[in-house]
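Working notes, beginning with the structure itself.
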Amino acid sequence: MNRKGFAPLIVVGIIALIALAGVGIWYFVAQKTSVAPPGGNGSVACTQEVKQCPDGSYVGRTGPNCEFAACPPVVATSSPTSTTGGRGAGAFCGGIATGAFPCDPGYSCKLDGTYPDAGGHCVKN
């Protein structure tokens, strides 16, 4: 058999494999947020991504559309001993950033250690 006759077939075969791989990759990327688990019972398995909420907690994806769950409501708190931003009795102070966590007027920072980046708590003068 003539070897020159096989060269075009090999090239066409390689191009077909590359095209098939491209379509497969596109399909799996398009299906990224939800994947049907084996068993076919209609349930959906969502990706393991999380979103950080304003209160510092995290929520994951849920439901048939794999949307992020709702964040818990942010509850505003007020401290009766603080007048300038929540740095009253018991609040964290000190730390590695000098002056980043000062206490309110009338309070001083009682450090929990003697090392340079010691943190502490605000106490009434």
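The values are calculated or read from the model by the stated rules, or taken from the named source; none is laboratory data. Since the model is a prediction, treat every value here as computed from it, not as a measurement. Every residue, glycine among them, receives a Cβ derived from its backbone with ideal geometry; neighbour counts consider all protein chains shown.
Quick one: how many residues across segment 71-90 are aliphatic (A, V, I, L, M) and modelled with pLDDT of 70 or more?
Total meeting the criteria: 2.
Quick one: which residue in C103, C109, C93 is farther than 19 Å from G56 by Cβ, in a loop (DSSP other than H, G, I, E, B) and modelled with pLDDT of 70 or more?
C103
Which members of segment 1-51 meet the condition of being modelled with pLDDT of 85 or more and not hydrophobic (A, V, I, L, M, F, W, C)?
G13, G22, G24, E49, K51 - these are the residues of segment 1-51 that are modelled with pLDDT of 85 or more and not hydrophobic (A, V, I, L, M, F, W, C).
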